[in-house]
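Input: a single structure, listed below in structure tokens.
The values are calculated or read from the model by the stated rules, or taken from the named source; none is laboratory data. Every value quoted in this text rests on a predicted model; they were computed, and no experiment measured them. Cβ: placed from backbone, ideal geometry, glycine included. Neighbour counts: every protein chain shown. For accessibility, only protein heavy atoms count, side chains too; no ligands or nucleic acids. Shrake-Rupley method; radii C 1.70, N 1.55, O 1.52, S 1.80 Å.
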Amino acid sequence: MQLLAPLSLCLGLWAGLDAAVIPAEEEKPSFWNNQAAAAIEASYNIQPRMSKAKNLILFLGDGFGIPTITATRILKGQKQGKLGPETPLALDAFPYVALSKGDAGGAAGTEAPWGCTYELHGVPARPTLALRHVSDHGKERWGWGNPLGGLCQAAPCPQPGASPSGTYAHVVNREWYADASMPTDARRQGCKDIAWQLVHNVILGGGRKYMTPEGTPDPEYPTYKSENGIRQDGTNLIDTWLKARTGARYVWNKAGMLAAAADPDVKYLMGLFEPADMKYNLVRDTTLDPSLSEMVEAAITILSRNPSGFYLFVEGGRIDHGHHDGAAHKALTEAVEFDWAIDRAGRLTDEAQTLTVVTADHSHVFSFGGYTLRGSSIFGVAPSRAADEKNYTSILYGNGPGYPVAGRLDVDDDIAGQYDYRQQAAVPLSSETHGGEDVAILAKGPMAHLFHGVQEQTYVAHVMAYAACIEPYASCRQRNPAPGTRATPLALLLPTLLLPLFH
């Protein structure tokens with residue numbers, strides 16, 4: 001019996017695998033041989049672009065760990081009517097890949113503001129946001145007046161929120177969206193809230209109520225007092241921002257954004273589409289709220305009017321929110337839209353002039369497995385039952401609100417496929433935690449080959465500054481080189497197969 005049980009289990013597993021959907025052409029060895037040969041040829045033809053980057057784009061997927069990338073690839077393919085794993089993401093075509101450590105200066109699992117500060121300013125700043133850690137004989141001080149230098153102080157970029165605010169704000173608390181959110185002592189010391197520090201050329205996302213005086217009605221929800229402005233200093237930061245710039249426009253809906261992008265006289269754009277967080281992509285009002293990819297297009301259209309080039313920071317912030325909620329459907333559909341935004345940016349920019357980097361601040365304790373059959377829903381149940389004779393989903397969390405306090409339920413595909421379904425977790429927590437493993441860095445464009453191996457998170461900011469020859473790398477080697485060679489995009493040879501959100 002000790003020999004027969006494993007044998008019967010193995011036979012059962014192989015029987016299940018036979019039921020997977022496999023295209024007929026993949027049954028032939030020539031399919032895999034030709035695919036591998038094409039990939040080798042593509043890799044052989046890649047040449048570094050040894051030239052100065054005119055434009056810099058950083059895509060930060062908040063919580064966009066490697067398991068999430070894999071699951072996103074499957075879901076995006078399935079949403080296009082394909083099996084899933086064989087359909088590449090836009091980021092799969094990036095020729096250079098590295099790993100970034102996620103230790104946050106000693107804590108396994110970087111927090112968003114720390115990771116963003118690492119990647120945008122090039123130095124550790126835990127537990128602050130773009131501020132050096134300040135101590136006075138063991139007593140913490142707010143740290144105002146100790147801002148870090150970095151990439152974003154040398155190039156235009158997009159607004160409040162933990163990761164996006166790392167591009168421009170210097171605060172010690174990620175929750176200081178408006179002065180109403182700050183301690184009295186901090187305000188007395190001269191600290192400024194995140195919204196007050198917003199100064200950049202194109203700002204698209206959520207957060208209207210942090211910008212207007214207390215009691216100001218929201219244009220979209222005028223009868224909801226909870227959505228009114230909350231600033232206690234009486235300042236309308238939207239008006240302040242507009243008055244300081246010629247050719248500036250403020251919009252609060254998609255139609256206004258599209259009109260501004262189409263107007264060649266618009267040089268600066270502030271678009272705030274929700275009072276606080278942007279809605280998840282699948283439940284947003286598509287007539288009023290733009291998608292992330294639509295915001296990317298508008299931002300690039302306007303920023304490209306600067307003949308000197310631009311820096312654009314794009315965050316997929318609600319990937320992180322979905323994971324913390326233990327709801328993989330929310331997280332992964334946001335990640336699919338994030339990849340569509342990457343694709344849109346690639347179509348609108350010249351790779352020879354634009355260094356584009358995709359990375360994450362941290363991962364999550366998110367996993368999927370269970371020998372899921374190819375072609376089955378990424379959200380579905382595994383093909384075999386657990387030891388308790390109940391089904392389990394291929395996606396699970398190490399901890400979070402999905403812990404089955406009353407015992408495991410016998411879930412089915414219909415239940416597991418619901419948008420709000422919380423996958424089961426091993427440890428009960430009100431909010432799922434970040435993961436501590438390395439995250440990926442993917443890059444294309446000038447000097448992208450500098451992303452290789454395993455690096456610190458701080459490395460991201462330094463490479464981007466070096467690629468653009470800005471401080472502290474104004475004397476970069478590639479400033480006046482011979483014309484650079486053009487790398488062959490991997491996707492062309494393989495077989496067919498700003499924009500922050502608050503958190």
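A few comments on the model shown:
- Centre-to-centre separation between the Cα atoms of the range 206-220 and those of the range 392-416: 39 Å.
- Between the amide H of residue 63 and those of 361, 362, distances stay under 5 Å, these residues lying 5 or more places away or on another chain, with hydrogens modeled in the peptide plane.
- Residues whose placed amide H lies under 5 Å from that of residue 274, excluding near-sequence neighbours: 207, 208
- Here residue 415 sits with roughly 70 square angstrom of accessible surface, probe radius 1.4 Å.
- Relative contact order (percent, whole number), the range 321-417, Cα cutoff 8 Å, 6+ residue spacing: 27
- Remark: the range 372-432 carries a charge dipole of roughly 180 debye about the Cα centre, counting +1 on each Lys and Arg Cβ and -1 on each Asp and Glu Cβ.
- Taking amide H as placed 1.01 Å from N in the peptide plane, residue 441 has its amide H under 5 Å from the amide H of 98, 99, 100, each at least 5 places away in sequence or on another chain.
- Backbone geometry of the range 403-413 corresponds, through the Karplus equation with coefficients 6.51, -1.76 and 1.60 at θ = phi - 60°, to 3J(HN,Hα) couplings of 4, x, 4, 8, x, 5, 8, 8, 5, 10, 4 Hz, x marking Gly and Pro.
- When nucleic acids and ligands are ignored and a 1.4 Å probe is applied, residue 473 ends up with an accessible area of around 70 Å².
- Portion, in percent, of the accessible area of the range 282-412 that falls on carbon or sulfur, probe 1.4 Å: 52
- Applying D = kT/(6 pi eta Rh) to the range 310-352, where Rh is the Kirkwood radius over alpha-carbon pairs, T corresponds to 20 °C and eta to 1.002 mPa s, the Stokes-Einstein value obtained is 188 µm²/s.
- Fraction of alpha-carbon pairs over 19 Å apart in the range 372-432 - percent: 27
- Residue 415 paired with residue 242, simple spin-label distance in nm, labels 7 Å along Cα-to-beta-carbon: 5.2
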